[in-house]
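Comments concern the structure below.
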Amino acid sequence: MTRGATAEAAPPASPRAAQAAPAAVGAAETLPHLLQATLGPDEVVILLLRPSLLYIPLSSLGTLVASVLIGTALVYAARFQWSPWTEGDAVLIGGGLAALRLGWAAIDWWFHLYALTDRRLLARYGVFRTQLYEAPLSRIQNTVVVQRLRERLFGLGTLGFSTAGRGTFDAFWEMLRAPYAVHRTVLDAVERYGRR
């Protein structure tokens, strides 16, 4: 296959996983330019993923709670004569803070991109300072699926990867749908292509 071409995802381990597994990339046009520029001429993309859209509110939970608390405190303070704002102003301030945080999380989500090819794993993220992590499949030593409570409630999970010679995990694919199916696909690719 040629650069930017895609392959079918490895078959999932079970019929149940087949229903939950994300689809492989459908066309070369769906590959962002930065990713296309890093691919070899005959490299095959097996998976191209972003975090779930739930990444936007879930990564913003702390700020959203703080916005509600600030808005509530300002609404309460608006009842006193010394307050320079009204209850409506207080709601706008709290809502504005929440909207700003959700907007930033949406931009951050857009710049998260994860790819699995027949040669390596890639993770691209960052808004102002973009980072591109790549590791050859032959160097992947350990993988882990982590599900914090908020992820588990929505069927999401985070995959971590470590390479040979490292004592820690090098990269994470955050808040993925069907994390165990994605994990199985990664393990199959490592076994099939990384052990050549």
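How many residues are modelled with pLDDT under 80 and assigned to a helix (DSSP H, G or I) when one looks only at segment 26-57? The number of residues fulfilling the criteria is 8. Of everything in segment 146-175 that is surrounded by 18 or more Cβ atoms within 10 Å (Cβ to Cβ) and among the aromatic types (Phe, Trp, Tyr), the residue that is farthest from Gly194 (Cα to Cα) is Trp173. Filtering Leu137, Leu132, Leu156, Leu187 for residues that are closer than 21 Å to Val45 by Cβ and in contact (Cβ under 8 Å) with a residue 60 or more places away in the chain leaves a single hit, Leu132. Summed over segment 80-112, the residues that are small (Gly, Ala, Ser), crowded, with 17+ Cβ neighbours inside 10 Å and under 30 Å from Leu31 (Cα atoms) give a count of 1. Please tell me if Ala106 is at pLDDT 95 or above and in contact with a helix residue (DSSP H, G or I) (Cβ under 9 Å, 6 or more places away or on another chain). The answer is yes for Ala106. As for segment 58-70, it holds at least one residue that is modelled with pLDDT of 80 or more, under 30 Å from Glu134 (Cβ atoms) and not hydroxyl-bearing (Ser, Thr, Tyr).
Table: residues versus (1) part of a loop (DSSP other than H, G, I, E, B); (2) more than 23 Å from Pro32 (Cα to Cα).
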| position | (1), (2) |
| --- | --- |
| Ser83 | yes, yes |
| Ala98 | no, yes |
| Ala105 | no, no |
| Asp108 | no, no |
| Leu116 | no, no |
| Leu122 | no, no |
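The values are calculated or read from the model by the stated rules, or taken from the named source; none is laboratory data. Keep in mind the model is a prediction, meaning the values are calculated, not measured. Reconstructed Cβ throughout: ideal geometry from the backbone, glycine too, with neighbour counts over all protein chains shown.
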